[in-house]
Amino acid sequence: MKSICFYFQVHQPFRLKTYRFFNMGHDHYYYNDFENSHIMSRVAQKSYLPMNDLLLKLIKKHGKDFKVSFSITGHALEQFEAYAPEVIQSFKKLAETGNVEFLAETYAHSLSSLRSKTEFAEQVELHSKKIESLFGVKPTTFRNTELIYSDEIGEMVHDMGYTLMLTEGAKHVLGWKSSNFMYCNARNPKLKVLLKNHTLSDDIAFRFSNHGWSEWPLTADKFTDWLLDLNKNEDVINLFMDYETFGEHQWRETGIFDFMASLPAKVLKTKKFKFATPSELEKELQPISAIHVPYPISWADEERDITAWLGNEMQDEAFSKLYALESRIKGCNDPEIMSDWYRLQNSDHFYYMCTKWFSDGDVHKYFNPYNSPYEAFINYMNVLSDFTIRVEEKCGKSGGEKIIEKAGELGKEISDVTRKAVKATTKKVQEVVASAKTESVNLDHIKDLSNAKVKSLLKEIDAQNLLYALKDATDEVRDKVLPNLTKSAKAEYDRLAGEIKKINKNDIAESRKKIAEKISKFLS
């Protein structure tokens, strides 16, 4: 019998208030409480509460035959607790039925999996504890922010102890394959992977109320017929969508609640399908093959890549400057700093800076508080500048900055000696500082540069030195460098890679040293 797996995403970001240059240095509260409260209260009344009530009735009606799953971000839960605690209670009632699975994800709905394995793991653990504290169950299935997935991310997720992950059934990854089977990670086959059936999911989430759609109106009978028309040998149909689809994106007047109220009975009546949670499918289904995803995919736009969040220089610059603070924040125990650190990582902030048009643009525009991507960028960078000042004040300084600071103190102490001695000592101090900064930089620091800076840097490096330096480099470094090469440079690099089969350790070390010296200039 074929399974139907419903997974609903629940998320609300902490939206920023208008934060101007003149706020910096004295105003350290960044959030639009009125807007956050207003939106949460509205969506709770229009979507979360009536839909939770409907699902509870469906579970009572169909018993163990009807099941669903949720992924609720930590920041959505925080705002439920602050502005709509009755929503938490309604989710608890669903949890008590035993027919609902709660999934793990990043606490802050962040893009940390694309930048920091440490931050990624910490947020997943924080989210898991939050879910367990509220609903009494520890999540065993993982879904990443925006369904972002790659072979590397899947491997990291398995290292955290998860054996099943959800992601997008992207066409360019699947090719001729169907999303309606269980797959596994290409690096570690112990991680099983469930893929979204984006056509059927989007019929409900995006096209349901579109009167221009040839299939409008969509009824439970028609949708059930489509399910019956699918290949009978397939195992599962994964219907993944935002929970706000019900009542907010698709208003009650469209009939979306009536559709959902009728669908389980229509489907179960065929006796061809059953409803299952992801963890049930993990135990029941075996992968038919590995799915190879060398570069990150997501649910967004036709490309199903990550350019909705990291696709232009504004997004890259904001993202790089935010995560450049990570090493200092890891040693900081200030609760306000930690709270802001998580809130500023919401993927929504970077989505607001997107300059692309999307097929689902209206959905996100609905919640976008900015008039343009440039306005979103300026506001975010103003907030980030003030946050950086606070981090410097409360979380100490990095090793390199301490060296510079120490050198400055040394220079001050010798200010009273003779001019000749001052000049000589100052020169020595400058040499020490320059040497310390250069020595502290290595090839890995290229990850701290924006893509624009990496492109400028690569213009100064010949292909042979680059080939030597990247020999045995990490995937993160290679993924940062190779996509930023020009076409001609990439062609030369590939030609040399084909010709040069052996590279000795001395050449690798020498090339990395040269490149590190150039990186240090871009970091300064």
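The values are calculated or read from the model by the stated rules, or taken from the named source; none is laboratory data. Predicted, not measured: the structure shown is a model, and the values here were computed from it. Here Cβ is always computed from backbone atoms with ideal geometry, including for glycine, and neighbour counts include all displayed protein chains. These area figures cover heavy atoms from the full protein model, side chains too; ligands, DNA and RNA do not enter into them. Shrake-Rupley method; radii C 1.70, N 1.55, O 1.52, S 1.80 Å.
Residue check: is D258 under 23 Å from the mean Cα position of the chain (by Cα) and among the acidic types (D, E)?
no
Only residues in the stretch 455-475 that are at positive phi count as the first member; pair them with residues that are not in a loop (DSSP other than H, G, I, E, B), Cβ under 8 angstrom, at least 6 apart or cross-chain, and list the lot.
Between residues of the stretch 455-475 that are at positive phi and residues that are not in a loop (DSSP other than H, G, I, E, B), the close pairs are D472/I508.
Could you grab me the full set of residues in the stretch 280-298 that are among the hydroxyl-bearing types (S, T, Y) and surrounded by fewer than 17 Cβ atoms within 10 Å (Cβ to Cβ)? Reasoning before the result, please.
As a first pass, look at the stretch 280-298 and keep what is among the hydroxyl-bearing types (S, T, Y): 289, 295, 298.
Scanning the stretch 280-298 gives S289, Y295.
What's the number of the only condition in (1) of a type outside the set (A, V, I, L, M, F, W, C); (2) free of Cβ contacts under 8 Å to residues at least 60 places away in the same chain; (3) in contact with a Leu (Cβ under 7 Å, 6 or more places away or on another chain) that N238 fails to meet?
(2)
List pairs: first residue in the stretch 482-508 and assigned to a loop (DSSP other than H, G, I, E, B), second residue surrounded by 12 or more Cβ atoms within 10 Å (Cβ to Cβ) and of a type in the set (F, W, Y) anywhere in the structure, Cβ distance under 8 angstrom, at least six positions apart or on different chains.
From the stretch 482-508, the pairs are L485/Y493; I503/Y468.
Considering only the stretch 248-260, I want to know if a residue exists there that is open to solvent by less than 20 Å² (accessible area, probe 1.4 Å) and touching a strand residue (DSSP E or B) at 6+ places or on another chain (Cβ under 6 Å).
Within the stretch 248-260, one or more residues are open to solvent by less than 20 Å² (accessible area, probe 1.4 Å) and touching a strand residue (DSSP E or B) at 6+ places or on another chain (Cβ under 6 Å).
Could you please find all residues in the stretch 469-524 being open to solvent by 30 Å² or more (accessible area, probe 1.4 Å) and aromatic (F, W, Y)?
Passing the criteria: only F522.
Restricting attention to the stretch 335-358, which residues are at pLDDT 95 or above and among the charged types (D, E, K, R)?
E336, D340, R343, D348
Results for (1) outside any loop (DSSP other than H, G, I, E, B); (2) in contact with an Asp or Glu (Cβ under 7 Å, 6 or more places away or on another chain); (3) without any contact (Cβ under 8 Å) to a residue 60 or more places away in the chain, shown as yes or no for each residue.
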| residue | (1), (2), (3) |
| --- | --- |
| F6 | yes, no, no |
| Q12 | no, no, no |
| P50 | yes, no, no |
| I59 | yes, no, yes |
| K64 | yes, no, yes |
| S69 | yes, yes, no |
| Q79 | yes, no, no |
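Six or more apart or on different chains, Cβ atoms under 6 Å: show the pairs whose first residue is in the stretch 20-42 and of a type in the set (A, V, I, L, M, F, W, C) and whose second is in a loop (DSSP other than H, G, I, E, B) and open to solvent by less than 70 Å² (accessible area, probe 1.4 Å).
M40/Q12; M40/A84
From the list G161, G154, which residue is within 27 Å of K129 (Cα to Cα) and free of Cβ contacts under 8 Å to residues at least 12 places away in the same chain?
So the residue among G161, G154 that is within 27 Å of K129 (Cα to Cα) and free of Cβ contacts under 8 Å to residues at least 12 places away in the same chain is G161.
Within the stretch 231-240, does at least one residue satisfy the condition of being touching an Asp or Glu at 6+ places or on another chain (Cβ under 6 Å), modelled with pLDDT of 95 or more, within 23 Å of E280 (Cβ to Cβ) and not in a strand (DSSP E or B)?
no
Can you tell me which residue is modelled with the lowest pLDDT among those in the stretch 472-501 that are charged (D, E, K, R) and over 19 Å from P294 (Cβ atoms)?
Restricting to residues being charged (D, E, K, R) and over 19 Å from P294 (Cβ atoms), the top hit is K501.
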